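Trainee: Here it is: the structure, laid out below.
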Amino acid sequence: MTTITHIGLSVPDLDAAIKWYEQVLGFKLLAGPSFNAGDE
């Protein structure tokens, strides 16, 4: 393996986590979160 293309993390506050990764690490959100039926 030469690159990492996807990771999954569980966080208590998704909006805060996205904001932190964007502001602190400079990551860019490419696609919004997805949910499976029954997850909500």
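We did not get these values from a lab; they are worked out from the coordinates using the rules stated. Keep in mind that this is a model prediction, so the values were computed, not measured. So basically every Cβ, Gly included, is an ideal-geometry build from the backbone, and we count neighbours across all protein chains shown.
Trainee: What's the total number of residues in the stretch 9-40 that are out of contact with any Phe, Trp or Tyr (no Cβ under 6 Å at 6 or more places or on another chain), in a loop (DSSP other than H, G, I, E, B) and among the hydrophobic types (A, V, I, L, M, F, W, C)?
Mentor: So the count comes out to 7.
Trainee: Under 10 Å from the mean Cα position of the chain (by Cα) and not hydroxyl-bearing (Ser, Thr, Tyr), is that true of residue 16?
Mentor: Answer is no for this residue.
Trainee: Also, quick follow-up: May I ask you to list the residues in the chain that are in contact with a Leu (Cβ under 8 Å, 6 or more places away or on another chain) and of a type in the set (Asp, Glu)?
Mentor: 22
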